[in-house]
Structure formats: C-alpha cells, structure tokens
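The values are calculated or read from the model by the stated rules, or taken from the named source; none is laboratory data. Worth saying up front: this structure is predicted, and the values here are computed from it rather than measured. Methodologically, a virtual Cβ is constructed for each residue, glycine included, from the backbone with ideal geometry; neighbour enumeration extends over all protein chains shown.
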Amino acid sequence: MSRHVVVQHVDRVPAEILQGLAEQGVSTVHEADGRRGALDPLVRPIQSGARIAGSAVTVSCHPGDNLMIHAAVETVRPGDIVVVTTTSPSTDGMLGELLATSLAAHGAVGVILDAGVRDVAELREMGFPVWARAISPQGTVKASPGSVNVPVVAGGQPINPGDAVVADDDGIVVVPRDRVGATLEAARKRTANEAAKRDRLAAGELGVDMYHLRPLLEQLGVEYR
Ligand SMILES: O=C([O-])CC(=O)C(=O)O
Ligand SMILES: [Mg+2]
C-alpha cells in the first residue's frame, strides 16, 4: 500500500450549517465548542474583513513543494476550504494567485496555509481569502509526493477532511463534523445572550457576567480602598 494517497470522496458539512457558522464568526464558534479548535494565531489572514466557513479539503505537502496542492484541485467542491500543511515546518510561498485562481474555479472559498503565501497584492485584489503562517516570495517545486484528504495537523489542531473550518479576522477554528450542529446551536444561543448583555453594558451596568463583581473580587483577596 502506498504511503501517499489522494482521497477523492469527502463527507461534507451541509451548506446551511456552514452558512450559520460563518455568520456566527470564529470567536463565537470557538466558545460554543467549549473553547476548542483554535489554530495557532500565527496563521494569520492576509486580508481584512473576510469571514468564511467551509468543509476542509486537507493537503499534506513536502516542505518546499506544492505539487499536492495541484493534486487537490480536482477534489475541491463548491464551498470547500483548502487546508495546506507540510510534513516539517516551512514558510515557503506555496500558493499564489495562479493556484488560487485554479482552486477558486473549482469552488474553493478560501485557503488556510500552515506555510507561506505569495502574490499577496493579487490575492487581495481577487478577493480570494487566505490565512497563512508567513508571506514569502520563496518559490516551491513540484516533485515530491504527499497526500490529499487525509487527517492532518494544521496550526497545532488535528483536522479531518470534511470538518468545518471557520476563518475571519480573529483567526481560524476547526469544528469536527460530528459536532457542527450542536456547536451552531450553542453559538446562536451565545449570540442572543450577548445581545442582551450588550444592552446592559451600554447602560453602564458592572459585572454583568459575574452577578456581583465586588464580592467576587473580595473573595479573591482584592481589597477596595
Ligand atoms: O506557482 C506557484 O508555485 C505559486 C504561485 O506563485 C502561484 O500559484 O501563483
Ligand atoms: Mg505566482
């Protein structure tokens, strides 16, 4: 059996759940899933204002080699987010506007790179959202095998093909596919709670989350003078 595979079928998250998760945003989804799933914050957006959710198409590449991103293109379906990792740390510019054009033509809504990106001005102009660990002009070759749609670790988080990935200006969170429905429900409740809290905070109320702010601080040994 080969050590390298391209898995062509991925079970995906339903589009209406992805849309709901995108509306909730990364920080709320992360809280709603028990503060789990946040990728390393050094994997950062290259643009501002993008907020997307999609099913993960995962790519494991040899460092300095983007062959497997090319191999992933034909597995992409509309609404997917391509998650690229390398088998050892790399900041090389593995994806630029050409590869992004190819992925977008197959319906990818964004790319997460635990590696480097280049052609940043063109990508911003295209409006194709990318989150990456580095921006680097360093070119890569197309010579080494790797895998598509296998479990990977990106930004320190395990990601399975078909998991929900949500990304915005706050960063990136992954939600395992079997928890997406419960997480979306919890996120919506949290957003409704926050709306009520916001009104109370705007009215000047203190300690809205803590019932009684002063007794809590005193219990923790903080002295009021
Ligand atoms: O071609 C590459 O290897 C990466 C790149 O710059 C592009 O996709 O435009
Ligand atoms: Mg280029």
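Considering only the range 185-216, how many residues are outside any helix (DSSP H, G or I) and surrounded by 11 or more Cβ atoms within 10 Å (Cβ to Cβ)?
Of the residues in the range 185-216, 5 are outside any helix (DSSP H, G or I) and surrounded by 11 or more Cβ atoms within 10 Å (Cβ to Cβ).
Name the residues in the range 151-184 that are crowded, with 16+ Cβ neighbours inside 10 Å and in a loop (DSSP other than H, G, I, E, B), would you?
Correct list: Gly155, Asn160, Pro161, Gly162, Asp163, Asp170, Pro176.
Considering only the range 149-166, I want to know if a residue exists there that is among the hydrophobic types (A, V, I, L, M, F, W, C), touching a Lys or Arg at 6+ places or on another chain (Cβ under 7 Å) and not assigned by TED's automatic domain parsing to the domain that holds Val84.
No, every residue in the range 149-166 fails to be among the hydrophobic types (A, V, I, L, M, F, W, C), touching a Lys or Arg at 6+ places or on another chain (Cβ under 7 Å) and not assigned by TED's automatic domain parsing to the domain that holds Val84.
Any residue at all in the range 128-149 that is in contact (Cβ under 8 Å) with a residue 40 or more places away in the chain, within 16 Å of ligand 1 (Cβ to nearest atom), over 19 Å from Asn66 (Cα atoms) and surrounded by fewer than 24 Cβ atoms within 10 Å (Cβ to Cβ)?
no
Do we have Asp178 as touching a Ser or Thr at 6+ places or on another chain (Cβ under 7 Å) and at pLDDT 95 or above here?
no
Only residues that are more than 7 Å from ligand 1 (Cβ to nearest atom) and either touching a Phe, Trp or Tyr at 6+ places or on another chain (Cβ under 9 Å) or among the hydrophobic types (A, V, I, L, M, F, W, C) (or both): list them for the range 88-102, please.
Scanning the range 88-102 gives a single hit, Thr101.
Yes/no per residue for (1) more than 16 Å from ligand 2 (Cβ to nearest atom); (2) more than 20 Å from Gly162 (Cβ to Cβ); (3) small (Gly, Ala, Ser):
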| residue | (1), (2), (3) |
| --- | --- |
| Glu16 | yes, no, no |
| Ala38 | yes, no, yes |
| Thr58 | yes, no, no |
| Pro89 | yes, yes, no |
| Asp92 | no, yes, no |
| Ala105 | no, yes, yes |
| Val111 | no, no, no |
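Would you be able to say whether some residue in the range 101-119 is in contact (Cβ under 8 Å) with a residue 40 or more places away in the chain, loosely packed, with under 14 Cβ neighbours inside 10 Å and touching a strand residue (DSSP E or B) at 6+ places or on another chain (Cβ under 8 Å)?
Step one: list which residues in the range 101-119 are in contact (Cβ under 8 Å) with a residue 40 or more places away in the chain, which gives 108-110, 112-115, 117.
Imposing the further condition that a residue be loosely packed, with under 14 Cβ neighbours inside 10 Å reduces the set to none.
No; the residues of the range 101-119 include none that is in contact (Cβ under 8 Å) with a residue 40 or more places away in the chain, loosely packed, with under 14 Cβ neighbours inside 10 Å and touching a strand residue (DSSP E or B) at 6+ places or on another chain (Cβ under 8 Å).
Answer yes or no: is there a residue in the range 159-174 that is in contact (Cβ under 8 Å) with a residue 12 or more places away in the chain and within 16 Å of ligand 1 (Cβ to nearest atom).
No.
Against the condition in contact (Cβ under 8 Å) with a residue 60 or more places away in the chain and either under 30 Å from Asn193 (Cβ atoms) or assigned by TED's automatic domain parsing to the domain that holds Trp131 (or both), how does Leu67 come out, does it pass?
Details: in contact (Cβ under 8 Å) with a residue 60 or more places away in the chain: yes; either under 30 Å from Asn193 (Cβ atoms) or assigned by TED's automatic domain parsing to the domain that holds Trp131 (or both): yes.
Judged against the criteria, Leu67 is a match.
For the range 142-164, how many residues meet the condition of being over 17 Å from the mean Cα position of the chain (by Cα) and among the polar types (S, T, N, Q)?
2
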